[in-house]
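What follows draws every value from the coordinates through simple rules; no lab data is involved. Being a predicted model, the structure only gives us computed values, none of them experimental.
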Amino acid sequence: MKLPNHYEFLQISPNAEAETIHRVYRFLAVRFHPDNPDTGNADQFFELKQAYEVLSDPGRRAEYDRSWNAEVLQPDPLSTSFDFMDDMEGELNRRLGLLAVLYLRRRMHPESPAVSLHEVESRMGFPRDYLEFTIWYLHKKGFITKADNSEFTLTADGVDFVETQRVSLPVLQKLLTSSAGIHPPERRSPVPSFDIEPMPVHVAVERRTRGDRRKRQR
């Protein structure tokens, strides 16, 4: 049986200090607590407690790290859980999938946030030939940068988009809370449902752009 990735669930580095683990736990405990009417989720709250019990204990954490490293767990590609093939919906999902991969990388490894094209293909389970339009769009919007060696990095605007739209876009929320495909789909806790209708990426981008223009005109 595969080990749960506690670090991915908490969105922290495997080298995170005890203080960071405690601070993130307290923040997520408020979000996932079943008494929270907006974002409460009993299953994710239980998973959070399990992760904290292991990582907050030095002995259990060391044992967990040894087991995790020995297992050399390879993530399931995102394409096993998300539709990237449909014409319009698939394209929107590809944009959100790429943003999620780059966001998690920047959050967990701020010292080396770049992701190679090969890793993007591997994580998404989607060939690079079909990602060209996705990459072009996100690059033109200023959400990602592309280096000469085909490594991609999420920009500050990209971070803002992910963090402001994750609640209104259920697919993005699921991508971020599913550890970007590391856990098998059947073992993942259900993502909280939201009453807000999902906002397509291009619509959200244009609304934010219009808001920026209004601010500059004042």
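Our Cα-only numbers for the range 1-73 put the radius of gyration and Dmax at 12.7, 40 Å.
Along the range 102-109 the Karplus relation, 6.51 cos²θ - 1.76 cosθ + 1.60 evaluated at θ = phi - 60°, assigns HN-Hα couplings of 6, 5, 5, 5, 5, 5, 7, 9 Hz to successive residues, with x for each Gly and Pro.
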